[in-house]
Amino acid sequence: MQSYALYRLLLARAANNNLEELAAIYQRIQEIFPVSGEEGAPPPIYVEMSRIFWETFILDNSLNNACDAVQDFIALNGDALTLINRYGTRNLSYTADDLCPF
């Protein structure tokens, strides 16, 4: 769940408009999870969500637009919710809005 934790940290830095730390976190995500992944495997789903958020956010500094893009991705890729919701019945049940609330 390291990729999820870094994704959430990326959102927090964007919400605080801390662009320097936001860029540093995105760079860290890229270092830990290279685009090609292990043996050509796709990167973890939350890494892809981080990329989509970052690429959209840097265009116009809009949290709303970045989250709209991420939520569109989630709608097409159910694994984003499946992975976070697999921890039992006592765990919170996350929605796309929970994964990108802006």
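Quick rundown of the values:
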item	result
Karplus-derived 3J(HN,Hα), 6.51/-1.76/1.60, for each residue of the stretch 3-11, Hz, glycine and proline x	5, 5, 4, 5, 4, 5, 5, 4, 4
Calculated [θ] (222 nm, deg cm²/dmol) that DSSP helices of n ≥ 4 give over the chain, each run adding -39,500 (n - 2.57)	-20500 deg cm²/dmol
Dipole-positive endmost among ILE84, ILE58, ALA12 within the stretch 2-99 (Cβ charges, Cα centre)	ILE84
Mean projected area (nm²) of the alpha-carbon convex hull when the chain is viewed from all directions	6.5
Cα→Cβ-extended label distance, 7 Å offset, between LEU83 and ALA5, nm	1.4
Label point at ALA15 placed 7 Å out along Cα→Cβ; residues across the stretch 48-84 whose backbone nitrogen lies under 18 Å	49-51, 53-54, 57-58, 61-71
Lys, Arg +1 and Asp, Glu -1 on Cβ, resulting dipole of the chain about Cα centre, debye, nearest 20	360
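Every number in this text was worked out from the coordinates using simple rules, so none of it is lab data. Predicted model, so just to flag it, every value in this text is computed and none were measured. Cβ: placed from backbone, ideal geometry, glycine included. Neighbour counts: every protein chain shown.
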